[in-house]
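Working notes for the structure below.
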Amino acid sequence: MKWHQWQEVAGLVGIFVFLTVVITVVVWQFGATVRARGALAREQEYRRLAEKAVQAQEENERKLTELDGRLADLQKSVGSVERMLKEVD
């Protein structure tokens with residue numbers, strides 16, 4: 001083989017290696033982008049669930065406060081009934 005032919009072979013090998021590297025980097029970056037989008041979607045879902053849990057907790061707290069007020073009123077009523085029953089006895 002002549003020197004010129006070896007240069008062509010070396011050039012083809014170089015182009016093949018270059019294209020292989022470029023394709024590998026592109027595929028790698030595409031995979032990283034897909035993983036990042038997935039992580040972002042999971043993070044947004046966790047945030048939505050946390051906000052929903054906070055709202056539920058606030059609603060439960062409001063209901064418990066309301067029930068506590070009702071219970072206090074009921075205890076006052078029971079106390080009044082007990083006093084009346086004692087007076088009757």
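The values are calculated or read from the model by the stated rules, or taken from the named source; none is laboratory data. Source: prediction; values computed, not measured. Cβ placement follows ideal geometry from the backbone for every residue including glycine, while neighbour counts extend to all protein chains displayed. Quick note on the areas: whole protein, heavy atoms, side chains included, nothing else; ligands and nucleic acids left out. Shrake-Rupley method; radii C 1.70, N 1.55, O 1.52, S 1.80 Å.
Here are some notes:
- Residue in region 4-25 that is exposed (fewer than 10 other Cβ atoms within 10 Å of the Cβ) and over 18 Å from the mean Cα position of the chain (by Cα) present: yes
- Residues (of a type in the set (A, V, I, L, M) and open to solvent by less than 80 Å² (accessible area, probe 1.4 Å)) located in region 37-48: Ala39, Ala41
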